[in-house]
Amino acid sequence: LSAQGRHDEAIAVMRHAEQLDPRSAVIANAVANVMFHARRYDEAIAQARHSLDIDPGSVGAHVILRWSYEKMG
């Protein structure tokens with residue numbers, strides 16, 4: 001959905017997945033990725049940090065943090 005520019009729908013679907021498995025770093029990263037592509041960088045950063053709380057070694061979360069901070073200057 002996000003790839004089609006339907007970011008709000010993608011976020012809603014990912015939030016539902018997060019409710020089903022709140023301790024999944026993979027899902028948390030996916031939410032952060034959707035936030036990034038929606039240009040919601042503050043939310044992407046917060047979500048990536050949440051992912052790191054679940055899995056401190058998450059490479060994906062670190063990448064999303066880097067991308068978001070770069071976009072924010």
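The values are calculated or read from the model by the stated rules, or taken from the named source; none is laboratory data. Quantities reported herein were computed from a predicted structural model and do not represent experimental measurements. Every residue, glycine as well, gets a Cβ built from its backbone with ideal geometry; the counts of neighbours run over all protein chains shown. Note: areas computed on protein heavy atoms with side chains; ligands, DNA, RNA excluded. Shrake-Rupley method; radii C 1.70, N 1.55, O 1.52, S 1.80 Å.
How do the pairs read when you match residues in the stretch 39-50 that are touching a residue at least 60 places away in the same chain (Cβ under 8 Å) with residues anywhere that are among the hydrophobic types (A, V, I, L, M, F, W, C) and assigned to a loop (DSSP other than H, G, I, E, B), using Cβ under 9 Å and keeping only pairs 6 or more apart or on different chains? From the stretch 39-50, no pairs qualify. Has the stretch 22-45 got at least one residue that is β-branched (V, I, T) and open to solvent by 60 Å² or more (accessible area, probe 1.4 Å)? Yes, some residue in the stretch 22-45 is β-branched (V, I, T) and open to solvent by 60 Å² or more (accessible area, probe 1.4 Å). For the stretch 46-63, filtered to residues that are open to solvent by 30 Å² or more (accessible area, probe 1.4 Å) and under 18 Å from G73 (Cα atoms), the residue that is nearest to the chain's Cα centre (by Cα) is A46.
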